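What follows is calculated from the coordinates using simple rules that are stated; it is not laboratory data. Values in this document were obtained by computation on a predicted structure and should not be read as measured data. Here Cβ is always computed from backbone atoms with ideal geometry, including for glycine, and neighbour counts include all displayed protein chains.
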Amino acid sequence: MRIGDFLCSKAVSSDLRNTTKKEVIEELVGLLINAGAVEKKHRNKVLEVLMAREALGSTAIGQGIAIPHGKCDCVKKLVGCLGISKSGINFDSLDGEPAYIFFLLLAPIDSAGPHLKALARISRLLKDKYIRDGLKSVKDEKSMLQIIQQEDVRLSKV
């Protein structure tokens, strides 16, 4: 599985504006809605699912990365968006550091396999400090997508 298989290329932001966990999740969901990946009428349900998952434990995995995710009957296939916060956000990370890179994933209720593969793929991609630093310093969405696409190809060859 490649990140390009689930990342909605129209749902990326190189400059997230919000400063709290809840607001950032709302902003990311807004990206998916604006891109047409999630219907606007499902906004509150999607937010409820994502915040319920956060209540179980933060999806910030350390090293400036957060992967908010959840399962919802509002999507027919796995979809994701990507956002970068220039200033960093307190996301209750395991290492106590702010999160800068946000991959949000929504999966259908019955899709354990693709959901877990996507989480693993994102984790593998972002283990690389060079990739994290590259994403944190991008100037625009096109640059973000280029980094992801290049790494998708490279990781597929490994």
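Provide the descending list of Cα extents for the chain along its principal axes, expressed in whole angstroms.
37, 32, 26
Arranged from highest to lowest average of other beta-carbon atoms within 10 Å per residue, in what order do the peptides 143-149, 7-13, 107-113 appear? Don't jump to the answer; show the numbers that get you there.
Numbers: 143-149: 17.3, 7-13: 19.6, 107-113: 14.1.
Sorting 143-149, 7-13, 107-113 by mean packing, highest first, produces 7-13, 143-149, 107-113.
Among the listed pairs Lys40/Lys86; Lys21/Lys139; Lys21/Lys157; Lys45/Lys139, which are separated by more than 30 Å between their Cα atoms? Please report the intermediate quantities before stating the final value.
Working: Lys40/Lys86 27 Å; Lys21/Lys139 23 Å; Lys21/Lys157 35 Å; Lys45/Lys139 32 Å.
Pairs exceeding the cut-off: Lys21/Lys157; Lys45/Lys139.
Can you compute the modelled spin-label distance between Asp128 and Asp5, with each label point 7 Å from Cα toward Cβ, in nm?
Between Asp128 and Asp5, the simple spin-label model gives 1.8 nm.
Apply 1/(1 + (r/R0)^6) to the Cβ-Cβ distance of Leu56 and Asn18, taking R0 = 25 Å, and write down the FRET efficiency to the nearest 0.05. Don't skip to the end; give the middle numbers.
Values: r = 22 Å, r/R0 = 0.87.
Once the sixth-power term is evaluated, E becomes 0.70.
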